[in-house]
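A short write-up of the structure that comes next.
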Amino acid sequence: MAPNFKIACDRFDEANKKDPNTEIWQGNPYPKELLYALRMTEKLNHFAPTASEALQLTARCQHIRRWEIPRDRYEQNRVGYLKWRQDLQHFHVEKATAILKEVGYDQATIDEVAFLLQKKHLKKNADTQILEDVICLVFLEFYFEDFSTKHPEEKQIDILQKTWRKMSEEGHKAALRLPFSDPISKLMDKALRE
C-alpha cells in the first residue's frame, strides 16, 4: 500500500464520523456510515484479500457522507429512486476525489476509484464486480433482516432476487455461507427457488 493509504482511510472515516445517524453494534453506538465503511473493508478483506489499492479505497468511501443526500428529498417512485442513486454516485465521487487529491494520490488511482464508485461495467470489470459482491454481502449480512421487518414478503423476495442477480458465482457461494437466522434462511430458499 502507498504511504497515503492509511491517511486516506482515516480521512474517509473522519468524514463519516459526522453522520448524525447512529447504529448500535455489539453494544456500542457508531455513526451509521462509519460502521458501514468498516463493514465494507472487513468484508472486502475476507472476500478478496488481494484486492487492489483502488478497490480497497473505494470500499472504504463508498457511502461517504451519504446522509447529506437523503432519499426522502426525491419522489417515492422508481424514477425518484434512480435519480437519487445517480446523484449519490456523483456526490461520493466528488467527496472521495477531493480527499484523495489532498492526501497526494495520483490521477490514475483517483480515476479508478471514481470509476468503481459509479459501478461501471458491472459483470464485465473484475473490480466493479468484486465491489458489487461485497456491497451485496454486507447488505445481506447486516441490513436485510431489519429491511425484512418493514416490508411484506413479496417485496423481501423481490429484493433478494434483485440482489442475487447482481452478484457473481463467487458472491453467491459467499452469501450462502452467511450466518442467517432461520426465518431469513427460509426466505432465501424461497426467493432462490422462484
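The values are calculated or read from the model by the stated rules, or taken from the named source; none is laboratory data. The model shown is predicted, which means the values in this text are computed figures rather than measured ones. A quick note on method: Cβ atoms are made from the backbone with ideal geometry, for glycine too, and the neighbour counts reach across all protein chains shown.
Results, tabulated for the structure shown:
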{"quantity": "Residues (part of a helix (DSSP H, G or I) and either without any contact (Cβ under 8 Å) to a residue 60 or more places away in the chain or not assigned by TED's automatic domain parsing to the domain that holds residue 110 (or both)) located in segment 16-46", "calculated": "16, 32, 33, 34, 35, 37, 38, 41, 42, 45, 46"}
{"quantity": "Scope segment 136-194; condition outside any helix (DSSP H, G or I) and either touching a helix residue (DSSP H, G or I) at 6+ places or on another chain (Cβ under 7 Å) or over 26 Å from residue 59 (Cβ atoms) (or both); matching residues", "calculated": "149, 150, 151, 152, 167, 168, 178, 180, 181, 194"}
{"quantity": "Condition met for residue 119 (outside any helix (DSSP H, G or I) and crowded, with 17+ Cβ neighbours inside 10 Å)", "calculated": "yes"}
{"quantity": "Members of segment 98-148 that are touching a Gly at 6+ places or on another chain (Cβ under 9 Å) and assigned by TED's automatic domain parsing to the domain that holds residue 14", "calculated": "none"}
{"quantity": "Residue count for segment 47-73, restricted to those that are closer than 19 Å to residue 170 by Cβ and either free of Cβ contacts under 8 Å to residues at least 12 places away in the same chain or part of a helix (DSSP H, G or I) (or both)", "calculated": "7"}
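For (1) hydrophobic (A, V, I, L, M, F, W, C); (2) touching a residue at least 24 places away in the same chain (Cβ under 8 Å); (3) buried (at least 16 other Cβ atoms within 10 Å of the Cβ), each residue gets a yes or a no:
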| site | (1), (2), (3) |
| --- | --- |
| 148 | no, yes, yes |
| 151 | no, no, no |
| 157 | yes, yes, yes |
| 167 | yes, yes, yes |
| 170 | no, yes, no |
| 184 | yes, yes, yes |
